[in-house]
Each structure stands twice: as C-alpha cells, then as structure tokens.
Amino acid sequence: MANIMKDYIYLDNAATTRVYPEVIQEMLPYFTEFYGNPAAVYSFAGVSKSKVEKARREIASSINALPKEIYFTSGGSESDNWALIATAEAKKEQGKHIITTKIEHHGILHTCEYLEKRGYEITYLEVDQYGLVSLDELEKNIRPDTTLISVMTANNEIGTLEPIQKIGKIAHKHNVLFHTDAVQAYLKVDIDVKEMNIDMLSVSGHKVHGPKGIGFLYINEKAKIPAFIHGGAQERQRRAGTHNVPGIVGMGKAVEIAERNMLNNKQKIEKLREHLIKRVLNEVPDTILNGHPTERVSNIVSFSFKNIEGEMLLIMLDQYKICVSSGSACTAGSIDPSHVLLAIGKDKKAAKSTIRLSLSDENTIEEIDFTVDKIKEIVNRLRNMSLS
Ligand SMILES: *Cc1c(COP(=O)(O)O)cnc(C)c1O
C-alpha cells in the first residue's frame with residue numbers, strides 16, 4: 001500500500017497516455033544522429049526518409065490501408081479539421097450539407113460550428129440512452145446535397161462503439177463520403193478501412209502510448225480530398241510542413257508494440273474494467289454505469305453517482321494521487337455539463353455527477369482496488385455531509 005501512495009495512479013488514458021520507453025528509445029537517434037530532412041536529396045537524409053516510410057507501412061497495414069493513403073498530421077484535431085473543412089470546400093458545388101452526431105469530440109463539433117458560420121448546414125444526429133446513433137435516422141437525414149457523414153468510432157467519454165461498418169455502407173449507398181474519428185478506438189478494436197467502408201479516418205499518437213503532436217489522417221485513394229495545410233510538397237503535396245520525424249518514428253513503434261499485444265492488452269484491460277465496474281456498482285449505492293453494456297471500447301468507464309459533484313470527487317481523489325476526469329469540459333472557469341452526457345438523456349445535475357476512468361495495460365488490479373476503496377469512502381463522506 002505504501003508503494004501505491006508513492007506514485008500516481010493514472011486512470012486518465014483517454015486524455016493521454018504514457019509514452020512507452022521502447023518508443024522513446026526508437027525516437028532518440030532521430031533527434032541527434034539522423035536529423036536529416038526526409039525531403040532532402042543527399043543520402044544522409046535517406047535514413048530518416050526510409051524510417052518515415054517504414055512507420056507509414058506499419059501504420060497502413062494496421063488498418064488495411066495502402067501506405068500512400070496515410071497522411072501524417074499533428075494529431076487528432078488537425079485530422080478532424082482537415083477531413084471536414086477540406087471535404088466541405090471541395091464538394092461545395094455539389095452540396096453544403098454534412099451529417100454528424102451530438103456526441104462527437106470538440107475537434108469535430110467546433111469545426112462544424114466553424115463551417116456553419118460559413119454557410120454550411122450541419123445535421124447533428126441524436127443518440128439513444130447508450131450513446132448509439134440510429135441507422136434509420138442517419139439514412140432519413142441524407143439529402144441530395146449531403147456530401148459527408150462523420151461519426152466517431154468510439155466515444156471518448158462513455159466508450160460506446162458506433163456501428164461504423166453499417167454507417168459506411170449507408171453513406172456509400174447514397175454516394176456520400178464517410179469519415180470517422182477513431183482516436184479512441186484505434187488499436188483497441190479491429191479496424192479495416194476497406195471492409196468498414198471508411199473514406200477518411202483520424203488517429204492521434206498520444207492516445208496510443210506514442211508521442212504528442214503526431215497523428216494521421218487516412219484518406220482513401222479514390223477520395224480526392226485537397227490539402228489543408230499549404231506550403232511544401234510533403235505528403236504527396238497534400239500536407240505541407242517538414243516531417244515530424246521523431247514523432248512519426250515514435251508513433252510507428254507504438255503501433256508495432258500495440259499490434260503485437262493487442263489481444264493480450266484487450267483481455268487484461270477488460271478484466272480490470274470488469275473488476276472496477278463490478279466493485280463500484282456493488283459497493284457504491286445509487287451509481288449508474290454510462291455507455292453501452294456490450295458495444296464499448298475496452299478501457300473507458302463512466303459512472304454517475306447520485307447527489308455527488310463529479311468535480312469534487314475528482315479533486316478529492318487527486319489528494320490520493322488518483323488521476324481521473326469528470327464528464328465535464330471546463331470552459332473559461334465555468335463548468336458546463338458534458339454535451340455527451342446531455343445527449344444520452346441526463347439532466348444537468350446527473351451529468352455533473354459523473355467521472356470517467358480510462359485504463360491502460362499499465363494499470364494493475366491493486367490500483368483499481370485502491371481507487372474503488374477511495375471512491376467508496378469519498379462518496380459516502382460527501383453524501384453524509386450533504387445530509388447534515
Ligand atoms: C483526444 C481526441 C482528439 C484530439 O486528438 P489530439 O491529438 O489531442 O489533437 C480527437 N478526437 C477524440 C475522440 C479524442 O479523444
């Protein structure tokens with residue numbers, strides 16, 4: 001127990017992850033030894049270039065894409081912005097209507113708001129109490145001027161997995177492009193862009209034990225999506241800017257490691273998750289598990305505790321060096337209830353009584369037990385206080 005207290009218990013892996021030490025080792029020489037610009041002609045630069053291309057092949061095969069369909073970006077947000085804005089502009093003669101959902105990450109939602117101000121029309125699909133979109137609703141909302149559907153693979157707050165393959169099929173039936181933000185799902189569930197009818201897919205390195213500031217957008221070779229960042233001719237003239245070579249190398253390594261351990265990690269994390277869920281629901285009364293009972297990503301758990309301020313619980317867990325997150329997004333000092341929790345039908349109070357715990361393969365059963373003990377203790381204390 002003393003040992004546990006010495007270090008943080010990190011249960012916020014949906015926010016970011018620890019970079020694997022092997023990833024750092026792989027990256028280091030590309031800062032100091034092989035620092036050449038992969039776009040240069042001399043053979044010294046060839047070392048970094050070939051390493052970038054190796055990472056690209058590794059990443060492409062992880063989603064059954066071609067290497068030339070992988071475009072390195074600065075992360076999930078840039079990939080989301082690119083997919084939406086560039087598609088909207090390229091297709092504006094054909095139509096200015098885009099369909100997405102109410103539970104997307106802000107990388108999508110705030111980009112949609114930006115497009116709305118510029119004359120585009122966005123339909124935000126409702127979700128059910130589990131966070132699932134309805135395929136019927138989706139199809140009903142497709143119009144002749146719809147150019148893009150963007151639905152996330154796994155939700156970052158409640159972990160629900162959307163029926164991506166079926167959504168892609170409907171999109172293609174109507175000749176509409178399909179984008180998915182797969183930041184939380186990548187390397188946790190199998191993704192095959194061909195089989196799942198995906199035209200564009202966003203991924204971020206730092207959510208998969210890679211470095212921050214690197215990610216990619218997969219673009220199907222048949223989808224003629226123009227550049228978003230303009231400048232040099234990198235990435236087949238579609239994404240300008242000198243390659244983030246160490247970042248790309250690191251992400252490639254993280255993908256290699258995760259692919260090797262995917263099944264093991266999934267089983268390990270699911271075991272931890274089931275233990276966490278079982279203990280919390282059994283031992284903390286008036287608690288609700290949010291998200292879908294079975295259609296969920298392995299590592300995200302969201303609980304609502306009746307009559308508890310999630311924000312307060314989070315701060316008190318922090319005193320035991322336990323890192324979790326609340327369901328809310330802090331905006332300029334005021335705490336707004338999460339749009340995701342409101343969309344699954346919670347009122348403001350219930351939405352604010354929520355915390356999210358997101359696990360990784362580096363967590364242990366001891367950490368989970370300690371965390372549940374503390375949650376139980378704090379929730380009891382807070383509830384008793386509000387009674388007196
Ligand atoms: C974290 C996250 C992003 C943003 O990725 P960055 O690399 O931090 O820009 C986008 N979408 C989802 C679902 C995320 O969880």
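The values are calculated or read from the model by the stated rules, or taken from the named source; none is laboratory data. Every value quoted in this text rests on a predicted model; they were computed, and no experiment measured them. Please note: Cβ atoms are built from the backbone with ideal geometry, for glycine as well, and neighbour counts cover all protein chains shown. Calculation scope for accessible area: heavy atoms of the full protein, side chains included, ligands and nucleic acids excluded. Shrake-Rupley method; radii C 1.70, N 1.55, O 1.52, S 1.80 Å.
Checking the structure you have, find out if any residue of segment 30-39 is of a type in the set (Gly, Ala, Ser) and either under 28 Å from Leu359 (Cα atoms) or crowded, with 19+ Cβ neighbours inside 10 Å (or both). Break it down into steps so the answer makes sense when it comes.
Here is the first cut: in segment 30-39, the ones of a type in the set (Gly, Ala, Ser) are 36, 39.
Subsequent filtering for residues that are either under 28 Å from Leu359 (Cα atoms) or crowded, with 19+ Cβ neighbours inside 10 Å (or both) retains none.
Checked segment 30-39: no residue is of a type in the set (Gly, Ala, Ser) and either under 28 Å from Leu359 (Cα atoms) or crowded, with 19+ Cβ neighbours inside 10 Å (or both).
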(request) Would you please name the residue that is least open to solvent (accessible area, probe 1.4 Å), looking only at residues in segment 310-337 that are assigned to a loop (DSSP other than H, G, I, E, B), at pLDDT 95 or above and not aromatic (Phe, Trp, Tyr)? (result) Val324
(request) For Asn307, state whether it is over 20 Å from the mean Cα position of the chain (by Cα), touching a residue at least 60 places away in the same chain (Cβ under 8 Å) and over 17 Å from Val372 (Cβ atoms). (result) yes
(message) Just to be sure I understand, how many residues within segment 133-160 are more than 16 Å from the ligand (Cβ to nearest atom) and in a loop (DSSP other than H, G, I, E, B)?
(response) 6
(request) Just one of (1) assigned to a loop (DSSP other than H, G, I, E, B); (2) more than 14 Å from the ligand (Cβ to nearest atom); (3) of a type in the set (S, T, N, Q) trips up Gln165, so point out which. (result) (1)
(message) Cβ-Cβ under 8 Å, sequence separation 6+ or interchain: first residue in segment 51-68 and outside the structural domain of His243 (by TED's automatic domain parsing) and touching a residue at least 60 places away in the same chain (Cβ under 8 Å), partner among the basic types (Lys, Arg) and not in a loop (DSSP other than H, G, I, E, B). Which pairs?
(response) none
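Would you mind finding the one in Ser298, Ser302, Ser360 that is touching a residue at least 40 places away in the same chain (Cβ under 8 Å), within 17 Å of the chain's Cα centre (by Cα) and in a strand (DSSP E or B)? Walk me through how you get there before you give the answer.
On the way: Ser298 fails: in a strand (DSSP E or B); Ser360 fails: in a strand (DSSP E or B).
Of the residues listed, the single one that is touching a residue at least 40 places away in the same chain (Cβ under 8 Å), within 17 Å of the chain's Cα centre (by Cα) and in a strand (DSSP E or B) is Ser302.
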(message) Looking at segment 155-172, can you tell me whether even one residue there is in contact with a Ser or Thr (Cβ under 7 Å, 6 or more places away or on another chain), open to solvent by 60 Å² or more (accessible area, probe 1.4 Å) and either closer than 28 Å to Phe303 by Cβ or touching a residue at least 12 places away in the same chain (Cβ under 8 Å) (or both)?
(response) no
(request) Would you mention how many residues in segment 183-222 are of a type in the set (S, T, N, Q) and more than 14 Å from the ligand (Cβ to nearest atom)? (result) 2
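Here is a yes/no grid of residues against (1) among the hydrophobic types (A, V, I, L, M, F, W, C); (2) modelled with pLDDT of 95 or more; (3) closer than 19 Å to Ile225 by Cβ:
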| position | (1), (2), (3) |
| --- | --- |
| Thr32 | no, yes, no |
| Tyr42 | no, yes, no |
| Ser62 | no, yes, no |
| Glu69 | no, yes, yes |
| Gly75 | no, yes, yes |
| Ile85 | yes, yes, yes |
| Ala88 | yes, yes, yes |
| His105 | no, yes, no |
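Quickly run through segment 84-106 and pick out the residues that are assigned to a helix (DSSP H, G or I) and either outside the structural domain of Glu139 (by TED's automatic domain parsing) or out of contact with any strand residue (DSSP E or B) (no Cβ under 7 Å at 6 or more places or on another chain) (or both).
Going through segment 84-106, the residues assigned to a helix (DSSP H, G or I) turn out to be 84-90, 106.
Ile85, Ala86, Glu89, Ala90, His106, listed by residue number.
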(request) Go through (1) over 28 Å from Ala90 (Cβ atoms); (2) open to solvent by 20 Å² or more (accessible area, probe 1.4 Å); (3) touching a helix residue (DSSP H, G or I) at 6+ places or on another chain (Cβ under 8 Å); (4) of a type outside the set (A, V, I, L, M, F, W, C) and name the single condition Ser134 misses. (result) (3)
(message) I'd like to verify a number: residues in segment 59-96 that are open to solvent by 20 Å² or more (accessible area, probe 1.4 Å), of a type in the set (S, T, N, Q) and more than 29 Å from Asn261 (Cβ to Cβ), how many?
(response) 2
(message) Please go through (1) touching a Gly at 6+ places or on another chain (Cβ under 8 Å); (2) surrounded by fewer than 19 Cβ atoms within 10 Å (Cβ to Cβ) for Val297 and return the number of the only condition it doesn't satisfy.
(response) (2)
(message) Against the condition of a type outside the set (Ser, Thr, Tyr) and buried (at least 24 other Cβ atoms within 10 Å of the Cβ), how does Asn244 come out, does it pass?
(response) no
(request) Could you tell me whether Met262 is surrounded by 24 or more Cβ atoms within 10 Å (Cβ to Cβ) and outside any strand (DSSP E or B)? (result) no
